[in-house]
Amino acid sequence: MLKPFRLWPVVGAIVLMSASASAQEQTHTWPECTREASDADVKAAKGAFQAGQASFDEGDYARAITYWEDAYRRDCTAHAMLLNLARVYELADSKQQAVLALQTYLQRDPETPKRNQIQRRIDVLKEKIEAEKAPPPPPPTPTPTPAPAATQPTPTPVEPPPEPAAEGKRPITPLFVAGGGVVVAVVGGILTANAAAEVKDWEETCPDRKCPEGVDADEANSARHTQTAWTVVTAVGIGAAIAGTVWYFLSPREPAEQAGRVAPRRHTARVEPAFGPGYAGLQLSGAF
């Protein structure tokens, strides 16, 4: 008859939380199970299992190992207890002892349906043990700090070339001469045309310069003299206009500084009619 205690290790196999505890690994094997546990042994084993479960829940893995090893020693037919021990060994950082517990379980319960799962667990534990035995990887080679880039010299700002000195102005006197000449030429041209019309009338009255009786020949001569005078005035005005223009463009420019320091002059030019016995014309006067 199967005793009820044979099921309690299976019920006690729970999913355990991950934790880390320092406990010195004690590698040992279990003696051959050659006897049947008595009722007293089963009862004592059950009590030890429950006490170990309480210690396990509290995270006291060393005490849980003590209780669960005592429970399996009292009832060595409860092979599922080895699975619980393997788990607490692993959490107590006793991986070698956990491997022995799992291997012992497979030897004592070879028909277990969890054989493949337990074997994978053994392989994982062995890989962890070998990894812990491997020397730590060498520290990474420090990357040399690149030398700071050479500081580029600050370029000296290049001053822009000085602006060329502004050229001074040409003297304004030639312009007044040219302007006055234009005025004289225009007025002289108008008066010359009027005098020419008057001379033409006298030529019709006195053909071949022979005036009929009762006509004063001196007036005809005076008209001719007036025409000649205005023609000369017109020519003088045209000459003055041309001379003033040429004079202006041929005059050198004065320096700007000097031109700025010289007080401005007042240039005036006046054209006035001039009359006299046997003469009529224009008089050009000005101040420069």
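Each value in this text was obtained by applying a stated rule to the coordinates, not by laboratory testing. Every value quoted in this text rests on a predicted model; they were computed, and no experiment measured them. Backbone-built Cβ (ideal geometry, glycine too); neighbour counts: all protein chains shown.
Sorted on the mean count of surrounding Cβ atoms within 10 Å across their residues, most packed first, peptides 102-115, 176-189, 72-85 read 72-85, 176-189, 102-115. Note that region 100-110 has calculated 3J(HN,Hα) couplings of 4, 5, 5, 5, 5, 5, 5, 6, 8, 9, x Hz, one per residue in order, obtained from phi through the Karplus relation 6.51 cos²θ - 1.76 cosθ + 1.60 (θ = phi - 60°); glycine and proline are x.
Packing around the peptides 55-61, 34-40, taken as the average count of other Cβ atoms within 10 Å per residue, puts them in this order, highest first: 55-61, 34-40. Quick one: check the C-alpha center-to-center distance for region 210-253 versus region 113-128, whole angstrom. Comparing the Cα centres of region 210-253 and region 113-128, I get a distance of 140 Å.
Legend: ranking of residues Phe49, Phe249 from fewest to most surrounding C-beta atoms inside 10 Å; resulting order Phe249, Phe49.
Approximating the spin labels as points 7 Å out from Cα along Cα→Cβ, the Ile172-to-Gln50 distance works out to 13.1 nm. Applying the Karplus relation 6.51 cos²θ - 1.76 cosθ + 1.60 with θ = phi - 60° to region 189-200 yields 3J(HN,Hα) values of x, 5, 5, 5, 5, 5, 5, 5, 5, 5, 5, 4 Hz, where x marks Gly and Pro.
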